[in-house]
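The values are calculated or read from the model by the stated rules, or taken from the named source; none is laboratory data. Computed from a prediction, not measured in an experiment: that's the story for all the values here. Please note: Cβ atoms are built from the backbone with ideal geometry, for glycine as well, and neighbour counts cover all protein chains shown.
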Amino acid sequence: MKTDDFRKHAGEVVEWMASYMERVEEFPVKSQTTPGEIFSKIPDKAPLKSEPFEQLMKDLDAIIMPGISHWQSPNFYAYFPANVSPPSILAEMIISTLGAQCMIWETSPAAAELEEKMMIWLRDMIGLPAQFEGVIQDSASNSTLAAILTAREKATAFDVNENGVQSSALRVYCSSQAHSSVEKAVKICGIGRKNLVKIPVKDDYSMDAAKLEEAIANDIKQGFLPICVVAALGTTGATAVDPIRAIGEICRKYEIHLHVDAAMLGAALLLPEFRWMIDGKEYIDSLVFNAHKWMFTNFDCSIYFVRDAASLIKTFEILPEYLKTRTRGQVNDYRDWGVPLGRRFRALKLWSVIRCYGVEGLQEKIREHINLSKRLADMIAAEPDFELLAPVVASVVCFRYKPAGYDEAALNRLNEKLNHALNDSGKLYLTHTTLNGNYTLRMVTAQTNVALNHIQEAWSLIMQTARSII
């Protein structure tokens, strides 16, 4: 493709993008295709001859778009937000154009230094102490893996990196409501699933700190070595907030690394009124939150802060001849701060989003989403045949349909049927969790452009559909 052709097609693509943003509400929120349907429409072999770009755009609309679930629809209430915004999209276009591989300072000094500055901005924006340093990771899952690996090396005097895991005595702790990435991380790093201790939760689904200390003390008596506790600011199902101070005091007492998984809810720390979530921040060793969830910066952009950057670097650094530079030790070579060697120029889209919204604009958006969740909770509480199943902390509302005359098993079947009926309608998209054995509908009010009218229309559809399927 020549430059003139690129210029022409780029304009057409930008027009397609803008049009999509304007009409995203017109599409079924959840893809209505069946397994294999898209696959069967794609030719079995690659073309031998060049094809016009216009044909690709036609196939995008005809083949690909029917198989897309529209995460950017304001009627997307499932899973968690994976938000974008115009400033982030524009920056991503520039990132793709530059095509920089930002593994070390030498390969693009601006990328490394902008990332360092953005981490300082964000550290201060969410209220972490000045000794924290940050790095952009691709996901909270990899950030949690980095935290547990660092904890493993600190606890074993960096012996495992040299000699491998010699013992199955290492222990990691999280609540029974923690994200599955914690379990995946202990598998990957050689600690093993059997050495992940899941701590019971209290009535609000937050970790029971007394049960945590009891488990740690009992493990020590049995010869285990506790190395890491993963606390959550926003558990996967109900967005419960674990008590950081109580957990931190236990970690300090037993010299255990405290990692805080704030994947979604961490963005709420931009609001001073939500800083209660990090009461006890002086005990935190590492913390992650995803700008690509609730800070309107498209995937991937996970913000990982550490109190002791030297231990993180010592865990991951390796220096083959081709990566030796004259600037080593004077700059941040971020390929030493995590698993991947290759790194994208992700700081540019953070810079764009923060500057275009401003801190106050970001705060306004997040507050609006939190207020929407409160309004939704009030709507649910006003209906006698529905019930809330968890405290509403921020932007996730957990509820179920509960008409009279149904036992718990029947209610579970009924709510599963409701969930599928709503999603199959194409008008909204919800997902579920299980809380105390109850099939629970989760509604996330944190999509970038969701507004009160969307919530009201969704709630009306939920009530109408629920009462029609009995």
* To do: Just one of (1) of a type in the set (V, I, T); (2) part of a helix (DSSP H, G or I); (3) crowded, with 18+ Cβ neighbours inside 10 Å trips up I120, so point out which.
  => (3)
* Selection status of Y173, surrounded by 20 or more Cβ atoms within 10 Å (Cβ to Cβ) and at positive phi -> no
* Give the residue, chosen from A82, A100, that is in contact with a helix residue (DSSP H, G or I) (Cβ under 8 Å, 6 or more places away or on another chain), among the aliphatic types (A, V, I, L, M) and farther than 18 Å from V353 by Cβ. => A100
* Asked: When you go through E360, E321, E317 one by one, which is the residue that is within 24 Å of Q447 (Cβ to Cβ), more than 22 Å from the chain's Cα centre (by Cα) and of a type outside the set (K, R)?
  -> E360
* Asked: Here are some residues: V229, V197. Which one is crowded, with 24+ Cβ neighbours inside 10 Å, among the aliphatic types (A, V, I, L, M) and modelled with pLDDT of 95 or more?
  -> V229
* To do: Could you please tell me which pairs satisfy a Cβ distance under 6 Å, a separation of 6+ or placement on different chains, a first residue in the range 367-391 that is closer than 24 Å to W294 by Cα, and a second residue that is modelled with pLDDT under 95 and surrounded by fewer than 16 Cβ atoms within 10 Å (Cβ to Cβ)?
  => P391/D204
* **Test set (1) part of a helix (DSSP H, G or I); (2) touching a Leu at 6+ places or on another chain (Cβ under 6 Å) - M103 fails condition number** => (1)
* Asked: Taking W71, is it aromatic (F, W, Y) and part of a helix (DSSP H, G or I)?
  -> no
* To do: Report, by residue number, each residue of the range 59-104 that is more than 20 Å from the chain's Cα centre (by Cα) and small (G, A, S).
  => A62, G67, A91, S96, G99, A100
* Hey, among N412, N423, which residue is touching a residue at least 24 places away in the same chain (Cβ under 8 Å) and within 19 Å of A82 (Cα to Cα)? -> N423
* Structure fact -> How many residues of the range 268-281 are among the charged types (D, E, K, R), closer than 14 Å to A231 by Cβ and more than 21 Å from the chain's Cα centre (by Cα)? The answer is 1
* **Sole residue being at pLDDT 95 or above, β-branched (V, I, T) and within 28 Å of K184 (Cβ to Cβ), chosen from I120, I126** => I126
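Let's see how each residue does on (1) closer than 28 Å to P66 by Cβ; (2) touching a Leu at 6+ places or on another chain (Cβ under 7 Å):
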{"position": "R400", "(1), (2)": "no, yes"}
{"position": "G405", "(1), (2)": "no, no"}
{"position": "T445", "(1), (2)": "yes, yes"}
{"position": "T465", "(1), (2)": "yes, yes"}
* Asked: Which one is surrounded by the most Cβ atoms within 10 Å (Cβ to Cβ) among residues in the range 19-46 that are in contact with a helix residue (DSSP H, G or I) (Cβ under 9 Å, 6 or more places away or on another chain) and aliphatic (A, V, I, L, M)?
  -> V29
* Members of the range 392-403 that are in contact (Cβ under 8 Å) with a residue 60 or more places away in the chain and among the β-branched types (V, I, T) -> V393, V396
* **Subset tally (residues that are aliphatic (A, V, I, L, M), in a helix (DSSP H, G or I) and under 31 Å from the mean Cα position of the chain (by Cα)) for the range 1-57** => 9
* To do: Could you please find all residues in the range 217-236 being without any contact (Cβ under 8 Å) to a residue 60 or more places away in the chain and within 28 Å of the chain's Cα centre (by Cα)?
  => P226, V229, A231, A232, L233
* Asked: Just for the range 232-248: of the residues that are among the aliphatic types (A, V, I, L, M) and more than 26 Å from L170 (Cα to Cα), which one is surrounded by the fewest Cβ atoms within 10 Å (Cβ to Cβ)?
  -> A238
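Condition check ((1) among the polar types (S, T, N, Q); (2) part of a strand (DSSP E or B); (3) over 27 Å from T431 (Cα atoms); (4) touching a strand residue (DSSP E or B) at 6+ places or on another chain (Cβ under 6 Å)) across all residues:
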residue: R171; (1), (2), (3), (4): no, yes, yes, yes
residue: S181; (1), (2), (3), (4): yes, no, no, no
residue: G190; (1), (2), (3), (4): no, no, yes, no
residue: D203; (1), (2), (3), (4): no, no, no, no
residue: E213; (1), (2), (3), (4): no, no, yes, no
residue: A217; (1), (2), (3), (4): no, no, yes, no
residue: G223; (1), (2), (3), (4): no, no, yes, no
residue: A232; (1), (2), (3), (4): no, yes, no, yes
residue: G237; (1), (2), (3), (4): no, no, no, yes
* Structure fact -> Of (1) touching a Phe, Trp or Tyr at 6+ places or on another chain (Cβ under 8 Å); (2) at pLDDT 95 or above, G338 satisfies every one except (2)
* To do: Return the pairs, sorted by first residue and then second, in which the second residue is of a type outside the set (V, I, T) and loosely packed, with under 10 Cβ neighbours inside 10 Å, the first residue lies in the range 28-53 and is under 24 Å from L422 (Cβ atoms), the beta carbons are less than 7 Å apart, and the residues are 6+ apart or on different chains.
  => none
* Structure fact -> Taking the range 177-187 and the residues there that are in contact (Cβ under 8 Å) with a residue 24 or more places away in the chain and surrounded by 14 or more Cβ atoms within 10 Å (Cβ to Cβ), the one that is farthest from N142 (Cα to Cα) would be Q177
